[in-house]
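The values are calculated or read from the model by the stated rules, or taken from the named source; none is laboratory data. Note that this is a predicted model, so its numbers are computed, not measured. Here the Cβ positions follow ideal geometry from the backbone for every residue, glycine too, while neighbour counts run over all protein chains shown.
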Amino acid sequence: MMKTAVKDEDSGQSRTYLVKDALTRDLACYFSLRTCLIPYVLKERRINLSAIELANFAVNDNYRRSQLSTCVGAGWLCIFALPRERLIDYYEKKLGFSRLPADKETFVHGHVKPDYDKDCIFMYQRI
């Protein structure tokens, strides 16, 4: 993660944040954000929805609270999840992400999936 975060930061591809507890100085979480477009078909018309991709993230178990701050103009949050059933289940049930139907997922993967996420599964939620 660290090598990727530094490379992406230097190239302007994403921004990585470290969140520390102000009192204990423990690392509470880290995450990388980048903007992206989600191709979408609405009444036979193709449009692009602006979104924020949560590229890398982890939360210290001691700091699991739901927090979201809106500081970028986007209506959706998306991730490319590792194709592990346990993770997919966690993202759906605990974090509120959804998967697309198989045909729409294939469409998204063919249009916006980064090489970095080659085997991952697109998931999304409204923010």
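Residues in region 75-98 include none that are charged (D, E, K, R), assigned to a strand (DSSP E or B) and at pLDDT 85 or above.
Among the residues of region 83-94, the one identified as of a type in the set (A, V, I, L, M) and free of Cβ contacts under 8 Å to residues at least 12 places away in the same chain is L87.
Could you list, ordered by first residue, the pairs with Cβ atoms under 8 Å in which the first is in region 26-44 and farther than 23 Å from H109 by Cβ and the second is among the basic types (K, R) and assigned to a strand (DSSP E or B), at least 6 apart or interchain? What qualifies is D26/K20; L27/K20; A28/K20. Among residues of region 9-23 that are among the polar types (S, T, N, Q), those with a Cβ under 7 angstrom from a residue that is modelled with pLDDT of 85 or more, sequence gap 6+ or separate chain, pair up as Q13/R34; S14/S32; S14/L33; S14/R34; T16/S32.
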